[in-house]
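To start, the structure under review is shown below, and the notes come after it.
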Amino acid sequence: MTTIRLALFLCDTPIPKVIAQDGDYTVIFGELWRKSFPKDQTSVKYEMDSYDVRNKLEYPEDIDKYDGIVYTGSAASAYENVEWINKLVEYTAKIAGEKPHIKLIGICFGHQIIARALGEECVPNGGKWEIGPTTLQLTNVGKELFGVESLNIQQMHRDHVPNVPKSCLLLGSTSTSTNQGFIRYAPDAPASNPSLSDIQIFTVQGHPEFTERIVSAVVEARTATGVIDAATAEDVQRRAKWRNDGVDVIAKAVWKIFGVN
């Protein structure tokens, strides 16, 4: 049996209410992978180890034993000039450039960190929040990857990456943030008709691991402290029951990138 080994880079800790209800990011991402992994798959299994890259500056002693690195979201801004973020960007750039066999999967803050590692900027988006289930206008690349014409993804950000890194392909856009994710194929991928498993880098600005309950808890906490204004919170509530494609579309596409069909 083949084992896919994932390193989960913990870039933050969820707020207390989310931890009480849904666990930390190791548990939350564990649920995402468990729910999306093909139920009839008997020849492949997966394992995931977590590394606290924010608070403990933890990194794998032997990164080559992993097939992929998954970067979680964070309340931090990816452009901050602080030790743990600078180290994460530097480490990511090294892996992206020197180890094409290791796939990089960036979620929200992780999307921004990978973009920085590839030479692009992450910047504040003029104070504009993007929160809750949001419909993406997919590019042809996005439609082919996800197998749908459009998709909904949970969002929680007001920083963004305006431009797509060099040699990467845009997956989709919204009116608030034009760069909603990108892919990059491995250097040895075929020039024509590469497969999903030839993808080395995959990012999304949204949160496929977030549920309605998680988003509601974060919005409630941030509204109480004034970080999120009342009008924005009301708009999120209006869309709360929209379809969430995090498990059935986005996470399943990630498994296909790892060769699991």
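Packing order of peptides 175-184, 135-144, highest average first: 175-184, 135-144 (average count of other Cβ atoms within 10 Å over each peptide's residues).
As a footprinting exposure proxy, order Val18, Val204, Val148 by other Cβ within 10 Å, with the fewest listed first. Walk me through the numbers on the way to the answer.
Working: Val18 22, Val204 26, Val148 16.
Arranged by neighbour count, lowest to highest, Val18, Val204, Val148 become Val148, Val18, Val204.
Taking every alpha-carbon pair in segment 23-163 and binning the separations at 5 Å intervals from zero gives 2, 8, 15, 20, 21, 18, 11, 4, 1, 0 percent.
Label positions at Asp24 and Gln237, each projected 7 Å from the Cα along the C-beta direction, are separated by 3.3 nm. Identify, among Thr135, Trp255, Ala78, the residue whose Cα sits farthest towards the positive end of the charge dipole of the chain, taking +1 on the Cβ of Lys and Arg and -1 on the Cβ of Asp and Glu, with the dipole about the Cα centre. Positive-end residue among those listed: Thr135.
Can you put Asp22, Asp235 in order of Cβ neighbours within 10 angstrom, beginning with the fewest?
Asp235, Asp22
On a per residue basis, the convex hull of the C-alpha atoms belonging to segment 2-257 measures out at 128 Å³. The long axis of helix 83-98 is offset from the longest Cα principal axis of the chain by roughly 30 degrees.
Quote the charge dipole size of the chain about the Cα centre in Debye, to the nearest 20; the model charges only the Cβ of Lys and Arg (+1) and of Asp and Glu (-1).
Working: 27 positive and 33 negative charges, 93 e Å.
With Lys and Arg at +1 and Asp and Glu at -1, about 440 debye.
Over 31 Å between Cα atoms: which of Lys103/Lys241; Lys35/Lys166; Lys65/Lys256 fall into that group?
Lys103/Lys241; Lys35/Lys166
From least to most packed, judged by other beta carbons within 10 angstrom and beginning with the fewest, Met1, Met48 follow the order Met1, Met48.
For Glu144 and Ser192, calculate 0.36 nm times their separation in residues minus their Cα-Cα distance, and state this gained length in nm to one decimal.
Values: separation 48, 0.36 × 48 = 17.28 nm, distance 1.45 nm.
Result: 15.8 nm gained on full extension.
Reported to the nearest whole Å, the Cα centre-to-centre distance from segment 22-82 to segment 228-247 is 25.
Listed peptides 31-39, 110-118 appear in the order 110-118, 31-39 once ranked by packing, highest mean of other Cβ atoms within 10 Å at the front. The convex hull drawn around the Cα atoms of segment 178-261, when projected onto a plane and averaged over every direction, covers 7.4 nm². Each 5 Å bin, from zero up to the one with the longest distance, holds this percent of the alpha carbon pairs of segment 1-98: 2, 11, 20, 22, 18, 14, 8, 3, 1, 0.
Between Asp229 and Arg5, what FRET efficiency comes out of the Förster formula 1/(1 + (r/R0)^6) with R0 = 45 Å and r the beta carbon distance, rounded to 0.05?
My answer for the efficiency is 0.60.
Of the beta bridges DSSP finds with both residues in segment 2-257, what % are antiparallel, to the nearest 5?
On the way: 19 of 40 bridges.
Around 50 percent of the beta bridges assigned by DSSP in segment 2-257 are antiparallel ones.
Rule-based calculations on the coordinates, nothing more; no lab input. Fair warning: this is a prediction, and the values are worked out from it, not measured in the lab. Note that we place each Cβ from the backbone using ideal geometry, even for glycine, and neighbour counts take in every protein chain shown.
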